[in-house]
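Okay, structure first, notes after.
The values are calculated or read from the model by the stated rules, or taken from the named source; none is laboratory data. None of the values given here were measured: they were computed from a predicted structure. When we count neighbours, we look across all protein chains shown, and the Cβ atoms used for this are built from the backbone with ideal geometry, even at glycine. Note: areas computed on protein heavy atoms with side chains; ligands, DNA, RNA excluded. Shrake-Rupley method; radii C 1.70, N 1.55, O 1.52, S 1.80 Å.
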Amino acid sequence: LNPNEVRPPISLERAFATFLLAMVVAQRRQTPRPLSMLVHPSSGRSLHTTYEHWIRALVDRVLVSLESGDAELVSQLRHGMFAEPYADLRQTGGVQVNGADIPLETLVSDLEPFMTELRVRVVNSDDGHEIAPGEWTRAPGWVVIGGNNLDRGFTVENLAVTYMPRGPGVRNADTIQQRGRFFGYKRPYIDLLRAWLHPETLDVYVSYVAHEQAMREELLALDRAGTPLNEWRRAILLDRTLNPT
């Protein structure tokens, strides 16, 4: 796949635009900083390079328009790339700061200085481009691209937007669960969370939520009854399409 000959998927453009607006909102709120986007296309390293090229092309497109000083060009960017992501974020309160909506025009005009500081990093075993803990705070936002190296043991700081077009693969339950970095510990900025997932992968995560809720309800009933945990008859629900590991 030659990224120079193929335009980025519309869904990737939408996800990236959503992330950029969320990043500006987070900067205005002063939390969480930095904000991150995870691009998890496949285990194949060649695709990582393709997605990096596409993301950098989108960065250049936004910067060229903003730096041009051309009001018509900026207006086209605002309405062509950011209008729909803005409307979507607004539905969950994701464009509010101190209880008031920030206009789209303001968020887009605020983008320029952050775009030059945005970090785009491929993390895989070939490149070895790990991100040191001290690096995260040196940028307002990060786009982290990779495959298996991001499945486990790698923390994506303040993850807000996830783009995962890959399917569930061989359907090993623990591997799929570890890819779900968008779960957990994100309530303070839940209004900014978004994910673009392969339809089959989406079904798997929906099933996981149902299973976790069932287990939590059992544990809550146990707690309310004052029953010792060692008397709980463990029942782990698992989608039949997944492999227990």
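Heavy atoms of the protein chains alone define the surface here; on that basis region 171-245 has 72 Å² accessible area per residue at 1.4 Å probe size. For the chain, the Kirkwood hydrodynamic radius from C-alpha pairs, put into Stokes-Einstein at 37 °C and a viscosity of 0.692 mPa s, yields a diffusion coefficient of 167 µm² per second. Rounded to the nearest 10 degrees, the inclination of helix 10-29 to the longest alpha-carbon principal axis of the chain is 90 degrees. Approximating the spin labels as points 7 Å out from Cα along Cα→Cβ, the E84-to-T155 distance works out to 3.6 nm.
Summing Cβ point charges (Lys, Arg +1; Asp, Glu -1) relative to the Cα centre of region 1-92 gives a dipole of roughly 400 debye.
Around the amide H of H198, modelled in the peptide plane, lie the amide H atoms of M164, R166, all under 5 Å away and 5 or more residues distant in sequence or on another chain. Scanning residues 5 or more positions from V143 or on other chains, those with amide H under 5 Å from its amide H are M37, R119, V120, R121, with H placed 1.01 Å from N in the peptide plane. Computed in the context of the full set of protein chains, the accessible area of region 181-245 at 1.4 Å probe radius has 55% of its extent on carbon or sulfur. Rounded if a/c is under 1.5, else prolate if a/b beats b/c, else oblate: with a ≥ b ≥ c from the C-alpha gyration tensor eigenvalues square-rooted, which is region 159-245? Note, shape of region 159-245 comes out oblate. Average accessible surface for region 1-140: 48 Å² per residue, computed with a 1.4 Å probe over protein heavy atoms with every protein chain in place.
Computing Rg and the Kirkwood Rh from the Cα coordinates of region 1-133 gives a ratio, Rg/Rh, of 0.98. Put the Cα centre of region 33-90 next to the Cα centre of region 178-245 and the gap is 32 Å. Under 1.5 on a/c is rounded, so check that first for region 28-73, then, if it is not, pick prolate when a/b is larger than b/c and oblate when it is not; a ≥ b ≥ c are the square roots of the alpha carbon gyration tensor eigenvalues. Here region 28-73 falls in the oblate category.
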